[in-house]
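For reference, the structure discussed in these notes is given below.
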Amino acid sequence: MKSYRIALVLLAAALTAVGCTQKDPTEKKIDELLSKMTLREKIGQMNQISVNDAESCAESARKGEIGSVLNLVDPVQINKLQKAAVEESRLGIPILVSRDVIHGFKTVLPLPIGQAATFDPALIEKGARVAADEATACGVRWTFSPMLDIARDIRWGRLAEGYGEDPYLDTQMGLATVRGYQEATTPLAACIKHFVGYGATEGGRDYNSTTITERQLRNIYFPAFKASADEGAMTLMTSFNANDGIPSTGNKWLVDDVLKGEWNFDGFVVTDWNSAGEMVTHGYATDLKDAARLAADAGVDMDMMSYGFITYIENLVAEKKLSEARIDDAVRRILRVKFSLGLFDNPYVDEHGWEKALYTSENLAVAQQTAEESAILLKNEDDVLPLKAGSRILVTGPLADSPYEQLGTWAFDGDSTHTVTPLPALREKFSVTYIPSLEYCRDENTSSFGRVRAAAASADAVVVFVGEEAIMSGEAHCLVDPSLKGAQSELIATAHASGKPVVVVVMAGRPLIIGKDLENCDAMLYMFHPGTMGGPAIARLLDGEVSPSGKTPMTFPEAVGQTPIYYNHENTGRPNTGTETLLSDLPRAAGQTSNGCTSYYLDAGYGPLFPFGYGLSYGKFEYSNVSVEKNSLGMADTLKVSYTLTNVGKHDATEVAQLYVRDMVGSVVHPVRELKRFERISVGAGESVECSFSLPVSELAFWNADMDYVVEPGEFQLWVSGDSASGTPLPFSIR
Ligand code: GLC
């Protein structure tokens, strides 16, 4: 919408310059409508309620007291409610119908954290368009997605809905999703959330407080939001957490000064579910009326489910505790989105033909490709994978044929009867013996493990499907021990004891602590709940029709005690050297020395199990000839890096090449690496490709000690590598 509006503003400016005073036609319509609205009707636009049928709220709609509903996903009901609002109210303002379409509507895509693992924004944009096509066909015109929360703590269940730990990857994935939604044939309004810092929740426990400095907000947590706001995301949602003591929903600096002031955001801001009312619980508002005042005054435009706005804002205006100008600004923003979506021209949905839009072969193909590209090959000892076509494989584990769990968390409208699980897909390619062995992920019943042992004897390989049930991640589902539950690890060990090659396929909502499981298998393919088409995707990956190409969007810790752990950390004054003595190596009565004097854990060392950006493939990639066009650059220059990527493996494969940068000295300390570019590059077996990255020096800017957004001259290093821990640093300088 932003670019469209910029064009109109420029047109208006040009016309004004030549003596015409043409206002943006939409803004003119909004002015006219606003001028007719009563205060009550204005406040009605700021009110969002959750409903599951039209009748229950049709009268409120006739009174113009509902601006938006969520959770109404029946076209017939949507049309009924819309009719009440459009044809039976005084001003006929359509209602904005919303839903959490988080990773697909009916065709369920991989979890967003899995989408991030693809490092393929173009594909993610296609997936968002699939979601938009299906959701809008049903009458949903606003989704509470993409979630842009940076996550560095695997205990936090909601990381499943986001794009991981890196600001640049988060930004690219968010932009792709916003474009996919809002540029669909029938646009679906995006909602960038949760503003801000929700993923830094203390202890990895949902809804907890956060303590993020302004500099960290600006350098780490804001970038993805600003990029999507600039791209024209139509809405934004405030987060539940209080940061530095101030709940986001009442944070005037955050919403009014930064988002609407500095960033000139012209969409509208919605609270999270009752997050206005929860400011009373936080101890930030005295009562719901006070909470409504604080939220509206902070710049929030729409109230999700606290009923504070519709109940108290009229009084607050009468008591001069809120200005009507603030209300007008909120309503203008809401009406702008409704006009941009075309709701005034066509508020109704086709009740009859809408199912044609669902599960089309194109939609399923996008879902399958996303699942394929989301798969991360963490281990492949002796090239156990790909499995030879026609192999006799024993398939076991609770997620080999679990259509519901495979969809993952927050797939509200997903229909598990459409899920294609790995079992039938594998049966098309291999000679399969199937022993479920565990009924579900928390199952502790090992009584069938003897059959697994026996069946393994006559198999060429054992494929074990383990992971998490959908309910074990997502909102409010945090874990202090994010590892395989039930007897899953024992099942892997049982398969391992057979002596046959063991392939473990994980489907989870987060990185798990899987070190010991990794030791008990020859290969591990890691997926974040892959959605409707996960089965065919896994079958194609296991038989080598497609090579895994996914990369870890988050660091995989050795132990949960290492969290929060992330690649773009600061160096500290005593960085780990990798030579530290572990507890197991210390002598008894060890001398009273500060052993190591560096930053590490006696019982876990320092490094993660797998770094950010890591993933193997069926190829084997080598980087060489990394060089820069110029190694001393001015502020207006562009850093040009070239390199050779060679696939020395036996299979064609795709690599995600990554460009990292480090600012060696600054007015504040910098992370030891920061991802600045990535690219998926397919290379045939035995072939080399000449590649390059371009990075404008301006993109090295950061918020410095003076809280200025600048590039500081000095020495830098860069890496071109296949993950955040490898590669050879190459120096360059900015003058
Ligand atoms: C939830 C979530 C938010 C979601 C909203 C509506 O509590 O925090 O992400 O969009 O409520 O369901």
**Study point:** Summed side-chain charge close to Met664 - residues other than Met664 whose Cβ falls under 13 Å, Lys, Arg +1, Asp, Glu -1
**Key:** -3
Practice item. Give the shape of the chain as rounded, prolate or oblate, defined through the alpha-carbon gyration tensor: a ≥ b ≥ c are the square roots of its eigenvalues, a/c under 1.5 means rounded, and otherwise the shape is prolate if a/b is larger than b/c and oblate if not. Key: prolate
Study note, to complete from the structure: Taking the convex hull of the alpha-carbon atoms of segment 64-174 and averaging its shadow over every direction gives an area in square nanometres of 8.0
Review point. Length gain on complete extension for the stretch Ala701 to Glu202, per 0.36 nm per residue less the alpha carbon to alpha carbon distance?
Key: 176.8 nm
Check your understanding: So which GluC sites (Glu not before Pro) in segment 71-137 are both in a DSSP loop and have at most 16 other Cβ atoms within 10 Å of their Cβ?
Key -> Glu88
Exercise for review: Among Tyr709, Gln182, Pro94, flag the residue with its Cα farthest along the positive direction of the charge dipole of the chain, charges on Cβ as +1 for Lys/Arg and -1 for Asp/Glu.
Suggested key: Pro94
Point to revise | DSSP-defined antiparallel bridges as percent of all bridges, the chain, nearest 5 | key: 50
Review point. How many angstrom separate the Cα center of segment 648-693 from the Cα center of segment 170-187?
Key: 25
**Study point:** Residue exposure sequence - Leu583, Leu377 - by fewest surrounding Cβ within 10 Å
**Key:** Leu583, Leu377
Check your understanding: For helix 361-374, what angle does its Cα long axis make with the longest principal axis of the chain, in degrees from 0 to 90 and rounded to 10?
Key -> 50
Point to revise | Karplus (6.51, -1.76, 1.60) ³J(HN,Hα), θ = phi - 60°, over segment 643-652, in Hz, Gly and Pro reported as x | key: 7, 10, 10, 10, 9, 8, x, 9, 10, 4
Review point. In the structure displayed, which of Lys106/Lys551; Lys126/Lys356; Lys80/Lys126; Lys260/Lys320; Lys226/Lys252 lie more than 21 Å apart, Cα to Cα?
Key: Lys106/Lys551; Lys80/Lys126; Lys260/Lys320
Point to revise | Size of electric dipole in the chain: Cβ of Lys, Arg +1 and of Asp, Glu -1, about Cα centre, debye, nearest 20 | key: 500
Check your understanding: Taking only C-alpha pairs under 8 Å that are 6+ residues apart, what is the relative contact order of the chain in percent?
Key -> 13
Check your understanding: Helix-derived [θ] at 222 nm for the chain: sum -39500 (n - 2.57) over DSSP H runs of at least 4, divide by residue count, nearest 500?
Key -> -8000 deg cm²/dmol
Practice item. Could you list which residues have their amide H under 5 Å from that of Leu438, counting only those 5 or more apart in sequence or on another chain, with H placed in the peptide plane? Key: Gly397
Point to revise | Under 14 Å from the Cα of Lys193 - aspartates and glutamates, other chains or at least 8 residues apart | key: Asp100, Asp149, Glu161, Asp170, Asp272, Glu475
Study note, to complete from the structure: Yeah, segment 587-726 with a ≥ b ≥ c from its alpha-carbon gyration tensor (a/c under 1.5 is rounded, else prolate when a/b outruns b/c, oblate otherwise) is oblate
Check your understanding: Which whole-number percentage describes the relative contact order of segment 608-735, with Cα contacts under 8 Å and a sequence gap of 6 or more?
Key -> 32
Review point. When the chain is fully extended, how far beyond the present Cα-Cα distance does Thr417 get from Thr286, taking 0.36 nm per residue of separation?
Key: 42.3 nm
Check your understanding: Quick one: helix 308-318 against the long Cα principal axis of the chain, what's the angle to the nearest 10°, folded into 0 to 90?
Key -> 40
Review point. What's the lysine pair count for segment 618-718 at a Cα cut-off below 28 Å, pairs eight or more apart or interchain?
Key: 6
Point to revise | Residue order, fewest to most beta carbons within 10 Å, for Glu183, Glu570 | key: Glu570, Glu183
Study note, to complete from the structure: Between the Cα axis of helix 2-17 and the main Cα principal axis of the chain, the angle (0 to 90°, nearest 10) is 40
**Study point:** Nonlocal amide H pairs with Leu96, under 5 Å, H built at 1.01 Å
**Key:** Ser68, Val69
Study note, to complete from the structure: Taking 631-640, 268-277 and ranking on average Cβ neighbours within 10 Å, highest first, one gets 268-277, 631-640
**Study point:** Order of Trp263, Trp410 under a 10 Å beta carbon neighbour criterion, fewest first
**Key:** Trp263, Trp410
**Study point:** J(HN,Hα) series, segment 428-443, from Karplus relation 6.51 cos²θ - 1.76 cosθ + 1.60, nearest Hz, glycine and proline x
**Key:** 6, 10, 9, 8, 10, 9, 10, 10, x, 6, 10, 6, 7, 5, 8, 4
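Bear in mind that the values in this text are calculations on the coordinates, not laboratory data. Remember, predicted model here, so these are calculated numbers, not experimental data. Because the Cβ atoms are built from the backbone with ideal geometry, glycine has one as well, and the counts that use them run over all protein chains shown.
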